[in-house]
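Engineer: Dropping a structure here in structure tokens format, bear with me for questions.
The values are calculated or read from the model by the stated rules, or taken from the named source; none is laboratory data. Everything numeric in this text was worked out from a predicted model, so none of it was measured. Please note: Cβ atoms are built from the backbone with ideal geometry, for glycine as well, and neighbour counts cover all protein chains shown. Keep in mind that these areas ignore ligands, DNA and RNA; they rest on the heavy atoms of the full protein, side chains included. Shrake-Rupley method; radii C 1.70, N 1.55, O 1.52, S 1.80 Å.
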Amino acid sequence: MPGDRAASGDGRSYDLLIIGGGVNGCGIARDAAGRGARVLLVEQDDLAGHTSSASTKLIHGGLRYLEYYEFRLVREALMEREVLLRIAPHIIWPMRFVLPHSKLARPVWELRAGLFLYDHLALTMTLPRTRSVTFADHPSGAVLKPEFTRGFIYSDGWVQDARLVVLNAMDAAAHGAEIRTRTRFVSATRGRESWEATIADQETGRTGTVRARALVNATGPWVASVLHGTLGVGGNKQVRLVKGSHIVVPRLFEGSQAYILQNPDRRIIFVIPYESRYTLIGTTDIPWDADPGKVAISPDEITYLCDSVNRYFRKPVQPSDVVWSYAGVRPLFDDRASSASAVTRDYVLDVDTEGGAPVLSIFGGKITTYRRLAEHAIERLAPHVRSLRAVPWTGLHALPGGEFVGRNFLGMLAQLRARAPWLDEHNAWRLMRNYGTRAFDIAAGDAAAMGQDFGSGLYAREVDYLIDREWARSAEDILWRRSKIGLLFSAGQVAELESYIAHRGKPVESQVADVA
């Protein structure tokens, strides 16, 4: 249950102990719990506290991966795009991407061939296919410099990335998994049949032990250090850390379309509508060999991203326009590629059973394929853990709040506005996009029932929901991961929200657990 601080470790036994609360760890927890396994997931910080909330927020096949002949990865990702649009229609939606042709980059025939493959690798594609455009005759060309006269428009998807992680954790908990945030994995001793692990509550300082038939090392950038260092398991598999940075600026263009820009160095940059009032620009690919927990954008990266946009757009972007930036470290499987951009985005699952109970470690991966990665992980562990042998199920069942047909989002939004007419248009949209059908519970009653108004449409009732149901513990959790309205909050409003959280007390479930 969210917020269960009754004990950090109480000697309980589980089928799986999952280390890491990113998209892969939470996806595996959901799948395993739904098959009947006893699951404990521990995360030392907040869910999606690192890489999984620092993505470009796309559900896509990865058009540029075709250049590296990663056809299996692209096909799997395109097929998953269809599945995720169906099971999470509130936080994932289609988006059209404008690809201008540049004489400094790939020739037209190469773009056309790549997009043809992109449209046909997945047999079940339901999104609009690629079309050629002349920008003089198409509204998307209005923001581009006159030398860009033609290009292509193709389909992909957008995701509220941190919310995808939280919703998987919520569904895992609904199927019986225990999700413990702010809980650090300290060490583990391997036995023939199980692991005995020590975990520590970061908030209370209490430690304890649990047993598990198998460990899942889903620690992202720390996967190799946990496997080879903390667990003492040998092997030569390593991760290659690549920093990806993004900037957010005031809105650069009207419309719901995004742009994909080719640079002379053959890298691509996305320019995407963001939270109605802004534009998101990214990403970079910079080798990273420092602490993956302490990463930030550099001035050179900001300049690179601005220059990329200015190469194509009529209206220039300056570093002084940046209202927010974020950076994350991608833990890519080290395939010894010569450049950071060429490193495979595919994943490798390593199962070690040398000397006793199994440990599965995840190297690489991308957010689009997290669900299939989870299925493959369960397949690898099923011979060792009987409870995992049930049939796959996650592609057929909606994530929390997504229990409606995706193309009916506007209908659901209209229902919310009719039921809560005091909501303005933007905040009704925000609630439906974040919570789907659960927005009806948050916005129940009238404005007075919502409690304290913290600004920008955030009321105490939503804050309470996030604390009680979604493991939120701080203003940062709420403003920057559960939502992105931190862009609109002043320092004073943040302090007011922190004060409310501090005085509010424990989550409802935690109070029940402590009494029990």
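Engineer: Quick test for you: out of GLY36, GLY25, pick the one residue that is surrounded by fewer than 23 Cβ atoms within 10 Å (Cβ to Cβ) and either in contact (Cβ under 8 Å) with a residue 24 or more places away in the chain or closer than 12 Å to ASP161 by Cβ (or both). Don't jump to the end; show me each part of the working.
Structural biologist: Details: GLY25 fails: surrounded by fewer than 23 Cβ atoms within 10 Å (Cβ to Cβ).
It is GLY36.
Engineer: Something else now. Only one of (1) open to solvent by less than 30 Å² (accessible area, probe 1.4 Å); (2) in a strand (DSSP E or B); (3) outside the structural domain of PRO100 (by the TED database); (4) of a type outside the set (D, E, K, R) fails for PRO221. Which number is that?
Structural biologist: Looking at each condition in turn, PRO221 falls short on (2).
Engineer: Further, regarding this structure: Determine whether LEU66 is in contact (Cβ under 8 Å) with a residue 40 or more places away in the chain, surrounded by fewer than 20 Cβ atoms within 10 Å (Cβ to Cβ), hydrophobic (A, V, I, L, M, F, W, C) and not in a loop (DSSP other than H, G, I, E, B).
Structural biologist: yes
Engineer: Something else now. Can you give me the number of residues within the stretch 80-124 that are open to solvent by less than 10 Å² (accessible area, probe 1.4 Å) and in contact (Cβ under 8 Å) with a residue 60 or more places away in the chain?
Structural biologist: Looking only at that region, the number is 15.
Engineer: Filter the stretch 181-199 down to the residues that are part of a strand (DSSP E or B) and under 25 Å from ALA327 (Cα atoms), then identify the one that is least open to solvent (accessible area, probe 1.4 Å).
Structural biologist: That would be THR183.
Engineer: Of the residues that make up the stretch 267-285, is at least one within 30 Å of HIS426 (Cβ to Cβ), open to solvent by less than 60 Å² (accessible area, probe 1.4 Å), modelled with pLDDT of 95 or more and assigned to a helix (DSSP H, G or I)?
Structural biologist: No, the stretch 267-285 contains no residue that is within 30 Å of HIS426 (Cβ to Cβ), open to solvent by less than 60 Å² (accessible area, probe 1.4 Å), modelled with pLDDT of 95 or more and assigned to a helix (DSSP H, G or I).
Engineer: Sort out which residues of the stretch 372-385 are open to solvent by less than 20 Å² (accessible area, probe 1.4 Å) and within 19 Å of the chain's Cα centre (by Cα), and write them in order of number.
Structural biologist: LEU373, ALA374, GLU375, ALA377 - these are the residues of the stretch 372-385 that are open to solvent by less than 20 Å² (accessible area, probe 1.4 Å) and within 19 Å of the chain's Cα centre (by Cα).
Engineer: Next question, about the same structure. Could you tell me which residue of the stretch 413-442 is nearest to LYS484 (Cα to Cα), considering only residues that are open to solvent by less than 20 Å² (accessible area, probe 1.4 Å) and in contact with a Pro (Cβ under 9 Å, 6 or more places away or on another chain)?
Structural biologist: Here the residue is TYR435.
Engineer: Looking only at the stretch 158-174, how many residues end up being farther than 16 Å from SER53 by Cα, buried (at least 19 other Cβ atoms within 10 Å of the Cβ) and not charged (D, E, K, R)?
Structural biologist: 3
Engineer: Separate question: Of (1) outside any loop (DSSP other than H, G, I, E, B); (2) open to solvent by less than 40 Å² (accessible area, probe 1.4 Å); (3) over 20 Å from ASP161 (Cβ atoms), GLU496 satisfies all except one. Which?
Structural biologist: Here GLU496 clears every test but (2).
Engineer: While we're on this one: Could you identify the single residue in ALA327, ALA357 that is assigned to a loop (DSSP other than H, G, I, E, B) and either at pLDDT 95 or above or open to solvent by less than 10 Å² (accessible area, probe 1.4 Å) (or both)? Steps first, answer last, please.
Structural biologist: Working: ALA327 fails: assigned to a loop (DSSP other than H, G, I, E, B).
Exactly one residue qualifies, and that residue is ALA357.
Engineer: While we're on this one: Among the candidates LEU231, LEU305, single out the residue that is in the same structural domain as ALA214 (by the TED database), in contact (Cβ under 8 Å) with a residue 24 or more places away in the chain, hydrophobic (A, V, I, L, M, F, W, C) and crowded, with 19+ Cβ neighbours inside 10 Å.
Structural biologist: Going through LEU231, LEU305 in turn, just one is in the same structural domain as ALA214 (by the TED database), in contact (Cβ under 8 Å) with a residue 24 or more places away in the chain, hydrophobic (A, V, I, L, M, F, W, C) and crowded, with 19+ Cβ neighbours inside 10 Å: LEU231.
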